[in-house]
Amino acid sequence: MEFIHKLVVQLNDLVWGVPMLVLILGTGMFLMVMLKGMPILRIALGFRLMWRGRAKEAASSGHVSPFQALMTGLSATVGTGNIAGVATAIFLGGPGALFWMWCTALVGMATKYSEIVLAVHYRDVDANGECSGGPMYAIKNGLGRSWHWLGFVFAVFGGLAGFGIGNMVQSNSMAEVIKTTFGVEHWITAAITTAIVALVILGGIKRIAKVASSLVPFMCIGYIVMSVVVLVLYASQLPAAFGLIFAHAFTPVAATGGFAGAAVMMAIQYGVARGIFSNEAGLGTAGIAQAAATTNSPVRSGLIGMIGTFIDTIVICTMTGLVIVCTGVWDSGERGASLSSAAFEFALPGVGSYLLALALIIFTLTTILGWSYYGERCWMYLVGKKAILPFRVLWVLAVFGGAVFQLDFVWLLADTLNALMAIPNLISLLLLSPVVFKLTKDYFEDNRNGL
């Protein structure tokens, strides 16, 4: 077991090294430049289309509305990464890591837009009108038979990664915070969470989307309001906080308090890695959810879906990061969710840690639900519909296991599988990028007002 652990550590260092950072950021920058900055320039349009997407489009395939598809995607992305992930990035890379998270998100909007456009454009629709899409289908239908192996590789890594990043890691974080904050034993949390997850995912994408569209807006707005309250209380510290973030993005951070110090490369590495862990731009997962939406336009789906990256990182992760830096606890020596909890408790004594615990519980629960659909589609691609029921049973059991066992190795493995998922997806994005550019050009030429 020790040998396997060392092997995964070495693999993790390799896949999250400089080549991966260049591949992720380089792909996003290439897409953003070739799209002429459209994802950033059309953010307002994306929000308008998201609001209009609450209703299903007529005469189109799919089972859920575009808004429900976005909320399903957001349910999967807004999770521990927004609370524990941001804190970990700051703990290891200093405040400058937040700047590199922003950079990852901005270019990631182009990446996620392109992923979704391809996922919807190349999705499969069966005789019952059920849609399946994502990088594996884009590779199969867009690149031809000689590239099928790449779609297979993505589906394998995605099907395995889900049990880590989208399941056991989430339920473990939830059980830990409930134990620490409310004194509830892990097995009780495990039993209740398992029952809730079973009731939802056994109903398939329609039930997942319905729950997500109800919970996600509430949890995002609630967390933002809570964070804004803290930032208003520490408004005088905001200029200094931004100064630290920008300064430490380009200069090393000296050891101070409980902070061990960090080089610029550490800020970049952990900012990018935690950014991807949070918003999943580059993993290809958002396209799996958006492909299930009722839509006649891949570009319109892409414009709606890219808003998920903006909300997840530019808004929610920024809130967490600013609270940590403004309250001055970033160099306290705490890490992960404990650092975020310390920041909110410092700002809101007596209630801060409880409010953050409630936010983390909802974040992790919705992530488990959203990722269940991603994993299910990956395994269905590999072995057919016969995989659906066994997968759902295993998924529910993994929720219980994640909540009651120590998962240091699972965290490491999940981080590694994240990168391994990204590689085939980014390769396919680059190869199929001309399709994205053409579909985008045609859409805006046919819709002069962008609607």
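The values are calculated or read from the model by the stated rules, or taken from the named source; none is laboratory data. Small disclaimer: the values here were computed from a predicted structure and weren't measured. Note that we place each Cβ from the backbone using ideal geometry, even for glycine, and neighbour counts take in every protein chain shown. Surface accessibility is based on the protein's heavy atoms, side chains included, excluding ligands, DNA and RNA. Shrake-Rupley method; radii C 1.70, N 1.55, O 1.52, S 1.80 Å.
Note on the range 117-258: Cα-Cα pairs beyond 25 Å make up 59% of the total pair count. Share of carbon and sulfur in the accessible area of the range 232-338 stands at 65%, probe radius 1.4 Å. Separation of the range 96-170 from the range 193-244 is 23 Å, based on Cα centroids. Ignoring ligands, DNA and RNA, please state the percent of accessible area on the range 343-427 from carbon and sulfur, probe 1.4 Å. Within the range 343-427, the accessible surface is 77 percent carbon and sulfur.
Modelled label positions at Phe182 and Gln10, each set 7 Å beyond Cα in the direction of Cβ, lie 4.4 nm from each other. Put simply, the Cα atoms of the range 357-397 extend 38, 17, 8 Å along their principal axes, the longest span coming first.
Solvent-accessible area assigned to carbon and sulfur over the range 74-211 amounts to 67 percent, based on a 1.4 Å probe. Using only the alpha-carbon atoms, how far is helix 96-121 inclined from the longest principal axis of the chain? Give it as 0 to 90 degrees, nearest 10. Between helix and principal axis, roughly 20 degrees. The count of lysine pairs in the chain whose Cα atoms are under 23 Å apart, excluding pairs fewer than 8 places apart on the same chain, comes to 17. Distances over 42 Å make up what percent of all Cα-Cα pairs in the chain? Roughly 9 percent, rounded to a whole number. Rg and Dmax of the range 254-401, based on Cα coordinates, read 19.1, 56 Å. Heavy-atom accessible surface of the chain, averaged per residue, reaches 37 Å², computed with a 1.4 Å probe.
Taking only the Cα atoms of the range 15-56, the ratio Rg/Rh comes out at 1.22, with Rh defined as the Kirkwood radius. For the chain, the mean residue ellipticity at 222 nm estimated from helices alone is -24500 deg cm²/dmol, where every DSSP H run of n ≥ 4 contributes -39500 (n - 2.57) and the total is divided by all residues, rounded to the nearest 500.
With the convex hull constructed from alpha-carbon coordinates only, the range 372-451 shows a mean projected area of 8.5 nm² over all directions.
The orientation-averaged shadow of the Cα convex hull for the range 163-206, equal to a quarter of the hull surface, comes to 3.4 nm². Ordering 116-125, 326-335, 89-98, 277-286 by mean Cβ neighbour count within 10 Å, with the highest value first, yields 277-286, 89-98, 116-125, 326-335. Contact order for the chain, expressed relative to its length and based on alpha carbon pairs under 8 Å spaced 6+ residues apart, stands at 36 percent.
The string of couplings for the range 412-427 from the Karplus curve (6.51, -1.76, 1.60, θ = phi - 60°) is 5, 5, 4, 4, 5, 5, 3, 5, 5, 5, 5, 4, x, 5, 5, 4 Hz, one whole number per residue in order, with x for Gly and Pro. The long axis of helix 336-347 is offset from the longest Cα principal axis of the chain by roughly 60 degrees. In a reduced charge model with +1 at each Lys and Arg Cβ and -1 at each Asp and Glu Cβ, the chain shows a dipole moment near 1200 debye about its Cα centre.
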